[in-house]
Amino acid sequence: MTPLVHAEQAVLGAIFLEPGQLDRLSAWLRPEHFSRPAHTAIYAAMLQLKTDGHPAAATTAGFPVPLAWVTDTLREASTRTRGLTASYLHSLASACPRPDHAPVYGRMVLEGAIHRSVAQHAARLHQAALADSRAGTVEETLHHAQVLTDVLADLARGWGTEARPVQPPTPYAPQAERPQAVGEQVLADEEFLLGCLAARPEQLLGLVRWLRPGDFADPGHQQLYRALGALHHRGEPIDQLTVLWETQRRGTLADGTLDSERVMRICDPLVGGAAEHFGEQVVHASLVRTAALAARQVGALANRDALAPGQLIGYALHALGPLDDVRRRLRLAREAEPEPRPPGSQPGAPPPAARIDAARARSRLADAAAAPAAPAAASCAALPSRHNHRSPS
């Protein structure tokens, strides 16, 4: 038997030996906290008898307990489950080392219940994410993500700890996983979104609030979105060539993440459309992937029996952090679009006077720093002039 089963038997045996221990347990230990149906039924029967005013429930510690306490518990528990015998209930009494340690044994049972509850809700979230991935929806994932978050908060209150994210130490940190397979439709949506943004860069204004590079499943698409964002941020024109140059500048052509043909194909100016819809689809897919990963991480933590409940709750909330971020940004995507920016901030518009002055100031500083090299520059500049006086051969 596992230590948890021993703890469940011990706390039930303590109540058989000293029914008054229910006064110390009934406020926080519930029947559903027991892992075995028989133990759940026995504890529920004890609580019911106490509520009904059974005489044994008022027995003082150290005084004999009426035999009716066992027989009446067996009769009440048998209405809730099958297979219980009087001999098993008597064996529970012998399984208790110290009846006065009942609250400690009950806390062990509660710890097991917390681990079990977190594992069950993480599994449900994972199943919902897989189902939504196949159906192309997010509603079930959103529902079960909220349920898991609420469960962690309730468990924290029941255990008496603060429900706050805590980064786990290295031994409990999530292990790197192999990239999950991504559907062709998801990749097609990402490509079309990038093409829409390259053809109509002004649409970036409505997406940058809630769409992040990490929302793209394909690493090359992530880099293309970063390149588009960098060009947009600097107020530079966006077309096939400028995007290609920016990806080269970022080293994504050299490391093989992208290639020139792919960039030119995705940024084809003939591609066009409303980017908001496809941006939301990309966030949908990102949310489902993030939920599946977070659910696996939380489930792995819940299976670590060495974790105390407070640690488990804190580490689980930390694992849900990326999912909470995607959920927040999805809400932003579904809200009304922000007010348009001033014309000077639109892509392709002339830069403001302040930026022009700052650029000129930097140029003057650069010229001053390069002054000692002026003679060499002048000699180099003289070469074309000599060639210009040559007659064509």
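The values are calculated or read from the model by the stated rules, or taken from the named source; none is laboratory data. Quick caveat, the model's predicted, so the values are computed rather than measured. So basically every Cβ, Gly included, is an ideal-geometry build from the backbone, and we count neighbours across all protein chains shown. Remember, those area values only see protein heavy atoms, side chains included, never the ligands or the DNA or RNA. Shrake-Rupley method; radii C 1.70, N 1.55, O 1.52, S 1.80 Å.
Ranked by the mean number of other Cβ atoms within 10 Å of their residues, highest first, the peptides 96-104, 306-314 come out as 306-314, 96-104. Any idea what log10 I(q)/I(0) is at q = 0.26, 0.30 Å⁻¹ for the range 22-83, Debye with uniform C-alpha scatterers and no solvent? Listed by q, the Debye log ratios stand at -1.17, -1.31.
Across M46, M108, M1, M264, the residue with the most accessible area heads the list, and the full order at a 1.4 Å probe is M1, M108, M264, M46.
Using Cβ point charges alone (K and R +1, D and E -1), the dipole size of the range 195-255 about the Cα centre works out to roughly 180 debye.
What's the Cα-based Rg to Rh of the range 116-221, Rh via Kirkwood?
On the way: Rg = 18.2 Å, Rh = 17.1 Å.
Using Cα coordinates only, the ratio equals 1.06.
Taking the Cβ of D150 as the center, what net charge do the other residues with Cβ under 14 Å away carry, scoring Lys and Arg +1 and Asp and Glu -1? Please list the in-between numbers first.
Values: positive: R124, R157, R327; negative: D154, D324.
Every neighbour counted, the sum reads +1.
Here the range 1-117 is assigned +1 on the Cβ of each Lys and Arg and -1 on the Cβ of each Asp and Glu. Its dipole about the Cα centre then comes out at about 240 debye.
Lys and Arg at +1, Asp and Glu at -1: add these up for the other residues within a Cβ distance under 14 Å of R327 and post the number. Please report the intermediate quantities before stating the final value.
Details: positive: R212, R289, R328, R329, R331, R334; negative: D132, E139, E140, D150, D215, E280, D324, D325, E335.
With Lys, Arg at +1 and Asp, Glu at -1, the neighbours total -3.
In the range 23-66, what percent of the accessible surface is made up of carbon and sulfur (1.4 Å probe, ligands and nucleic acids excluded)? Please report the intermediate quantities before stating the final value.
Details: 1290 of 2330 Å².
Answer for the range 23-66 is 55 percent, counting heavy atoms of protein chains only.
Placing +1 on each Lys and Arg Cβ and -1 on each Asp and Glu Cβ, with no other charges, gives the range 206-292 a dipole about its Cα centre of roughly 260 debye. If you model the range 1-53 as an ellipsoid using its alpha carbon gyration tensor, with each semi-axis the square root of five times an eigenvalue, the axes come out at 18, 12, 9 Å, biggest first.
Over the range 1-133, the reciprocal of the mean inverse Cα-Cα separation, the Kirkwood hydrodynamic radius, stands at 15.4 Å. Taken per residue, the accessible surface of the range 120-260 reaches 53 Å², heavy atoms only and a 1.4 Å probe. Heavy-atom accessible area for F216, with the other protein chains in place and a 1.4 Å probe, reaches approximately 0 Å². Considering only protein heavy atoms and a probe of 1.4 Å, how much of the accessible area of the range 77-155 is carbon and sulfur, as a whole percent? Within the range 77-155, the accessible surface is 54 percent carbon and sulfur. For the range 204-290, carbon and sulfur atoms together expose 55% of the accessible surface, with a 1.4 angstrom probe and every protein chain in place.
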